[in-house]
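For reference, the structure is listed below as structure tokens.
None of the figures in this text is laboratory data; all of them are computed from the coordinates on show. This structure is a prediction, so every number in the text was calculated from the model and none was measured. Cβ: placed from backbone, ideal geometry, glycine included. Neighbour counts: every protein chain shown.
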Amino acid sequence: MSVHIPVLVKEVLEYLNPQAGQKFIDATLGGGGHTQEILQRIGANGKILALDADCGAVEKGIKLFSGKNLSIVNANFGNLKEVAEKYGFLQVDGILADLGLSSDQLENSGRGFTFQKDEPLDMRFDTGLEISAADILNFYSQDELKIIFENYGEYRLAGQLAVQIRKIRKKKPFKTTFDLVEAVRQVQTYQGRGRIHPATLVFQALRVAVNQELEVLANFLPQAIDLLVSGGRLAVIAFQGAEDRMVKVFFRTNARKENPNLKILTKKPIMPTFDEIKNNLRGRSAKLRVVEKI
Ligand SMILES: C[S@@+](CC[C@H](N)C(=O)[O-])C[C@H]1O[C@@H](n2cnc3c(N)ncnc32)[C@H](O)[C@@H]1O
């Protein structure tokens, strides 16, 4: 069973508008919430290709959707075209990417995605990747660490934290999430209820670096557009500033060039309603942007 609650489901379905017999790609299967809804609408003659870099999500998905008309693949969406070609999805009606991590990974992976549990500092979606979060903390230079916290977490005290990490690791290498929480605490104390815990931004930044999330997203976007039929739609849900900006700029650049190949359907990003956030706090930073291929 997945503990992940899918975000912006109604809005994703409204924009992607899946119809019986159509072909879709879910680039981020996760707990399968969005896939399940799309599957219901495309019916027995439709098809879905669902990817996830995390083999745990893929194993669960295969069980959950057994006997259904979809292909579930353990792959990185940075290689979308290659995977789509292999599975016969070179012309599709819609693509969804719901970025970041699922609540299943946060709660149950044991890979150190949350600062609330003491776990090994891993943070890889795909455990086949070579560099873990602990490797970055123990071996990257102080300047590289500062850039990670600044660029991927927009963390105000990036420089001070990088200095602190260098001091700490001289005495003892970083191993678990609580080692990092303690380093954050040494530069900034949590101000209390209602405020974002500073470790949230630091953990997010490190995860983005481990999984090279911005580089992968930059590779994914043009490949996704290539795979759409004319009139096909791409929906991207981003949870952090740098990713959302990348999506926005990519969409605008392609919609405003001399011979545009995209039409923007969401002038402003779509965000969850207050009611949705009440039931699913994780959705509070979600931003959905959608384009249609011309
Ligand atoms: C927010 S969850 C998706 C939740 C899903 N939409 C649902 O309704 O359950 C994001 C998922 O994308 C996966 N993921 C992140 N980056 C990926 C990448 N580059 N390639 C493939 N999967 C990726 C994560 O492992 C995670 O399972």
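Between E82 and R195, the modelled labels are 4.6 nm apart [label points 7 Å from Cα along Cα→Cβ].
Given R₀ = 22 Å, FRET efficiency for I131-K257 by Cβ-Cβ distance, to 0.05? The formula returns an efficiency of 0.05 here. Highest average first, the peptides 35-43, 251-259, 125-133 ordered by how many other beta carbon atoms sit within 10 Å of their residues are 35-43, 125-133, 251-259.
Using every Cα-Cα pair within the range 23-123, state what percent have a distance larger than 22 Å. The partial results should precede the final answer.
Values: 1526 of 5050 pairs.
Here the tail beyond 22 Å accounts for 30 percent of pairs.
Here the spin labels are modelled as points 7 Å beyond Cα on the Cα-Cβ line, and at N69 and E37 they lie 2.1 nm apart. For K175, which lysines qualify as cross-link partners when the Cα separation must be under 23 Å and same-chain residues fewer than eight apart are set aside? Candidates past the 8-residue exclusion: K117, K146, K167.
When the Cα atoms of the range 130-210 are enclosed in a convex hull and the volume is divided per residue, what value in Å³ results? Present the calculation step by step, with values, prior to reporting the outcome.
Values: hull volume 6.7 nm³, N = 81.
Taking the convex hull of the Cα positions in the range 130-210, it is 82 Å³ per residue.
The calculated 222 nm mean residue ellipticity attributable to helices in the chain amounts to -13500 deg cm²/dmol, summing -39500 (n - 2.57) over DSSP H runs of n ≥ 4 and dividing by all residues.
In whole Å and largest first, what semi-axes does the C-alpha gyration tensor of the range 106-259 yield when each eigenvalue is scaled by 5 and square-rooted? Mind dumping the intermediate values first?
Details: eigenvalues 213, 55, 44 Å².
Each semi-axis is √(5λ); the values are 33, 17, 15 Å.
Each peptide in 274-281, 1-8 gets a packing score, the mean of other Cβ atoms within 10 Å over its residues, and the list from highest to lowest is 1-8, 274-281.
Result for the chain in a Gaussian network model with C-alpha springs under 10 Å: among V229, V247, V208, the largest mean-square fluctuation is at V229. A crude spin-label estimate for the pair V9 and R166, with each label 7 Å from Cα along the Cβ direction, gives 4.9 nm. The equivalent ellipsoid that matches the C-alpha gyration tensor of the range 229-294 spans semi-axes of 26, 12, 8 angstrom, in descending order. Here the chain yields Rg over Rh of 0.98, to two decimals, using C-alpha coordinates and the Kirkwood radius.
Between T176 and D226, the contour length at 0.36 nm per residue exceeds the Cα-Cα span by 13.9 nm. Neighbours of N69, meaning other residues whose beta-carbon lies under 14 angstrom from its beta-carbon, give a summed charge of +3 when Lys and Arg score +1 and Asp and Glu score -1.
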